[in-house]
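Enquirer: Okay, here's the structure, questions in a sec.
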Amino acid sequence: MDTVVISKKEYQELFDKRLRYEYLCQIIEEDIFSPPPTKRVEEVIEAFKQTKLYKQEFLKSLEKGLRRSSYFKK
């Protein structure tokens, strides 16, 4: 059996990378590319507004982009 000796710092870095990798694998296994549950631009914008995390400029830009999107066109 071969033994490898690494520093505690190096071990922690490898361990952190492994945890991040496993987290990404879990996310990728989910259906991250599924379409939004609605095709109404107004509903999407309202949901973003309710979070109170986004500036008005961003919301206007998002709305403009959604209205241009072929997915949201009726």
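The numbers here are math on the coordinates, done by the rules we state, and not lab data. Source: prediction; values computed, not measured. Cβ placement follows ideal geometry from the backbone for every residue including glycine, while neighbour counts extend to all protein chains displayed.
Enquirer: Per DSSP helix of 4 or more residues, -39500 (n - 2.57); summed, then divided by the residues of the chain. What does that give at 222 nm, rounded to the nearest 500?
Expert: -20500 deg cm²/dmol
Enquirer: According to a simple spin-label model (label point 7 Å from Cα along Cα-to-Cβ), what is the distance in nm between residue 12 and residue 31?
Expert: 4.1
Enquirer: For the range 1-55, take every pair of Cα atoms, bin their distances at 10 Å starting from 0, and report each bin as a whole percent.
Expert: Distribution as computed: 17, 21, 25, 18, 11, 7, 1 percent.
Enquirer: Looking only at 39, 64, 52, which one moves most when the chain is put into a Gaussian network model with springs between Cα atoms under 10 Å?
Expert: The residue with the greatest mean-square fluctuation here is 52.
Enquirer: Report, in order of residue number, the helices in the chain meeting two criteria: a C-alpha extent of 30 Å or more along the helix axis, and a mean Kyte-Doolittle hydropathy of at least 1.0; treat each whole DSSP H run as one helix.
Expert: For the chain, where a helix must reach 30 Å along its axis and average at least 1.0, there are no hits.
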